[in-house]
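The values are calculated or read from the model by the stated rules, or taken from the named source; none is laboratory data. This structure is a prediction, so every number in the text was calculated from the model and none was measured. Reconstructed Cβ throughout: ideal geometry from the backbone, glycine too, with neighbour counts over all protein chains shown.
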Amino acid sequence: MLRQKQRAGTVAVIAHQKKSLGGGLDELRRLLADEEPGKLLWYEVPKSKKAPKQARKALKEGADLVLVWGGDGMVQRCVDALAGSGVTVGIIPAGTANLLAQNLGVPEDLPEAVRIAFHGESRKIDLGKVNGEHFAVMAGLGFDAEMIKDADRGLKDKLGRAAYVWTGLRHVRGELVRMEVKLDGVKWFEGEASCLLLGNVGTITGGIEAFDDARPDDGWLEIGVTTAKGPIQWARVLGRMSAGRSDESPFVRMTRARKVDVKLSEPMTYELDGGAKDSVTRLKAKVVPGGITVRVPVPDGPDRPDGRA
């Protein structure tokens, strides 16, 4: 006798209309039909900042699994709304960089991403929280944020990932700003810097392995401060980062903490997961252990997608 397929419960899709992967949203609907969800909720948004409202609506409708279609900015907006809710998130990486998906081993392949979302391993990962808003990949002040802010102005749609390289070259002459950084209540850095990064995972913008030992479920935030100024110094920093030796650069300081408090002498732009935010003179961050549950590939052997044993 044939065994009846178990339904997946209530499944919600929150999709960025301007993002594409595989056969698009039409193929996604066909793939979801094969999974036979008990109830399907479907929300499309024209931009990522419209996603949190739909994510909260999905929670009210009793969603058991929320599929997020889009890039890291879309995922960040949804994760911020869903943090602590207990709902499981499946990532459909239809964006430009898809850094969270990349770090978790979810491929840019629509059928496989859907399969993982329904049949993968449920894993709790940490989130960071900056000035009241959650992020899953990284946060940045200064050079990094200015680069991303410029890339958001239509360049990502035209150039894809190359947009970050293009805008990065435009900001290597950026001025240094005096900052004071306290980690877990203790002063760690005071001086002029051009960039501060907070990482929840190892691979960040541009596919650079900035934080070699980062794990998204270790209860820590990775911290990096860069004092590089001008093309030559930034070339040295980026060269070391590309080679996976970020901490060997004379222009970089790195460590980890649970709470971060940054005071700036003048406003700097900050970003969360590739989305530019406002300019601030104060930034407060903390780790949120196990803040969200995501579906990841089931490991075939002793090695997991993120390198953990």
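Miscellaneous remarks
- Filter pass, Ala83 being more than 12 Å from Ala12 (Cβ to Cβ) and crowded, with 24+ Cβ neighbours inside 10 Å: no
- For Pro216: the one exception among (1) in a strand (DSSP E or B); (2) modelled with pLDDT of 95 or more: (1)
- Any hit, the range 151-169, residues being modelled with pLDDT under 95 and farther than 26 Å from Lys47 by Cα: yes
- Residue match in the range 50-61 (condition: part of a loop (DSSP other than H, G, I, E, B), at pLDDT below 95 and not assigned by TED's automatic domain parsing to the domain that holds Pro216): no
- Residue identified as within 30 Å of Met268 (Cα to Cα), at pLDDT below 95 and in contact with a Phe, Trp or Tyr (Cβ under 9 Å, 6 or more places away or on another chain) among Gly142, Gly73, Gly128: Gly142
- Any hit, the range 121-134, residues being surrounded by fewer than 24 Cβ atoms within 10 Å (Cβ to Cβ), over 16 Å from the mean Cα position of the chain (by Cα) and farther than 25 Å from Ala257 by Cβ: yes
- Residue in the range 191-205 that is more than 14 Å from the chain's Cα centre (by Cα), modelled with pLDDT of 70 or more and either outside the structural domain of Lys284 (by TED's automatic domain parsing) or of a type in the set (D, E, K, R) (or both) present: yes
- For the range 66-87, the set of residues classified as touching a residue at least 40 places away in the same chain (Cβ under 8 Å) and of a type in the set (Ser, Thr, Tyr) is empty.
Yes or no, residue by residue, for (1) assigned to a strand (DSSP E or B); (2) modelled with pLDDT under 85; (3) not polar (S, T, N, Q):
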position	(1), (2), (3)
Leu238	no, yes, yes
Leu264	yes, no, yes
Pro267	yes, no, yes
Thr281	yes, no, no
Lys284	yes, no, yes
Val287	yes, no, yes
Gly301	no, yes, yes
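- When the range 100-114 is filtered for residues that are within 20 Å of Ile125 (Cα to Cα) and either without any contact (Cβ under 8 Å) to a residue 60 or more places away in the chain or not in a helix (DSSP H, G or I) (or both), the ones remaining, listed by number, are Ala101, Gly105, Val106, Pro107.
- Residue check for Gly90: farther than 21 Å from Asp34 by Cα and either free of Cβ contacts under 8 Å to residues at least 60 places away in the same chain or in contact with a Phe, Trp or Tyr (Cβ under 8 Å, 6 or more places away or on another chain) (or both): no
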